[in-house]
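**Q** After the structure tokens below, expect a handful of questions from me.
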Amino acid sequence: MTFNRLIEDNLNRNIPPNARRTFNPNRIYDIEKIKKALSFSYEMAFGNGYHRNHRTGGEYSRNKMEVFCNTFQGKLSEIFLYDILKNTNEKLECSGLDFGVYGKNIWDDTDLIVSNKSISIKSAAYFSQLLLLEVEDWTDNAEYIPNLQLGNKQCYSYDYFVLIRVKPDIKTVFRNERKFYSKNISYDEISSIVLRQEWSADFAGAISKEELKFLIKNNYIIEKGMLLQGKTEMDATNYYALAYDMHSLQDFIGKLVLKY
């Protein structure tokens, strides 16, 4: 597999014009799972759950609404990947979805276990073109440092990393409703906004642990303070892979099936 690099132009880091992956929408129809993701995300942001309010190595502090948006987008991505894997190949054995709400230093450390392989699911808005992993979270051997530091049986080594993109961009939805900076917003109010949307997602791509090790070794890095596409300032330094270069859904499933 060949990995393209971002084009460097002073402080700008740009996607190569011929290395973009088009969003391929797949409607998420299961309203009960959407409601579960909604309840889980509200509890994580406004209830008893714990979610980091800043990225490792970052300075920007997320408010509760942004924590909600990030959590909901992430959980919806888990639901989407779980459903397409379960419905695509009967040989694949998937762990159940986790809607447990955890406190500080306790979390669902692996998003999915598929045929005994641990899958880390990263979510992004539908227009995104990059898988991003914070540099300070990973060892040179592609091990996840926050779980290593816990000193228990939490998973710290993932077999695959999957990027799922979601539409609409939930942050834009709440900005348009003038609710993105609300400090105290009721569950009913959030629910009415979320459930009015038509949610869709796509499988943007996947990489293996060995491929992440390659990216780390070869410094596929976008530094803190750089401007992605000339407008989005990076809050933390990240390893990156272009969705265009990552394995397709068919390739990913083929790799999982070959493990039998």
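**Q** Subtract the Cα-Cα distance of K86 and E8 from 0.36 nm times their separation in residues, and report this length gain in nm to one decimal.
**A** Working: separation 78, 0.36 × 78 = 28.08 nm, distance 4.04 nm.
Contour length minus the Cα-Cα distance gives 24.0 nm.
**Q** Given the Cα-Cα distance of E210 and M1 and 0.36 nm per residue of separation, how much length would full extension add, in nm? Walk me through the numbers before you get to the answer.
**A** Details: separation 209, 0.36 × 209 = 75.24 nm, distance 1.12 nm.
Separation in residues times 0.36 nm, less the Cα-Cα distance, equals 74.1 nm.
**Q** Just the Kirkwood number for the range 107-193, please: inverse of mean 1/r across all distinct Cα pairs, in Å, one decimal.
**A** Numbers: mean 1/r = 0.0639 Å⁻¹.
Over the range 107-193, the inverse of the mean reciprocal pair distance is 15.7 Å.
**Q** Just how many % of Cα pairs in the range 159-260 lie over 23 Å apart, if you round to the nearest whole percent? Provide the component values of the computation, followed by the final result.
**A** Numbers: 2588 of 5151 pairs.
Percentage above 23 Å: 50.
**Q** Right, another one. For the chain, set up a Gaussian network in which alpha carbons nearer than 10 Å are linked by springs, and say which option among I113, I79, I145 fluctuates the most.
**A** Ranking I113, I79, I145 by mean-square fluctuation puts I145 first.
**Q** Given the options R165, R13, R178, which has the most mean-square fluctuation in a GNM of the chain, springs set between C-alpha atoms less than 10 angstrom apart?
**A** Taking springs between Cα atoms under 10 Å, the residue moving most is R178.
**Q** Can you give the accessible area per residue of the range 165-260, in Å², using a 1.4 Å probe?
**A** Working: 4820 Å² over 96 residues.
Accessible area per residue, the range 165-260: 50 Å².
**Q** From the helices alone, meaning DSSP H stretches of at least four residues, give me the mean residue ellipticity at 222 nm for the chain, per-run term -39500 (n - 2.57), in deg cm²/dmol to the nearest 500. Could you put the intermediate results ahead of the total?
**A** Values: 7 runs with 78 residues, N = 260.
My calculation for the chain gives -9000 deg cm²/dmol from helical runs alone.
**Q** Where the accessible area of the chain is counted over protein heavy atoms with a 1.4 Å probe, how much of it, in %, is carbon and sulfur? Write down the numbers at each step before the final one.
**A** Details: 5840 of 13150 Å².
Carbon and sulfur together cover 44 percent of it.
**Q** Just A204, A19, A125 to compare: in a GNM of the chain, with alpha carbon springs under 10 Å, which one fluctuates most?
**A** In the Gaussian network model the winner is A19.
**Q** While we're here: Net charge around F180, counting only other residues with Cβ within less than 10 Å of its Cβ (Lys, Arg = +1; Asp, Glu = -1)? Kindly include the intermediate steps, with their values, before the conclusion.
**A** On the way: positive: K171, R175, R178, K179; negative: E66, E177.
Value of the local net charge: +2.
**Q** Let me ask something else about it. Beyond 32 Å, what percent of the Cα pairs of the chain remain?
**A** Working: 6484 of 33670 pairs.
The calculated P(r) of the chain puts 19 percent of pairs beyond 32 Å.
The values are calculated or read from the model by the stated rules, or taken from the named source; none is laboratory data. These figures come from a predicted structure and were not determined experimentally. We place every Cβ from the backbone using ideal geometry, glycine too, and count neighbours over all the protein chains shown. Accessible surface is based on the protein model in full, side chains and every heavy atom, while ligands, DNA and RNA are left aside. Shrake-Rupley method; radii C 1.70, N 1.55, O 1.52, S 1.80 Å.
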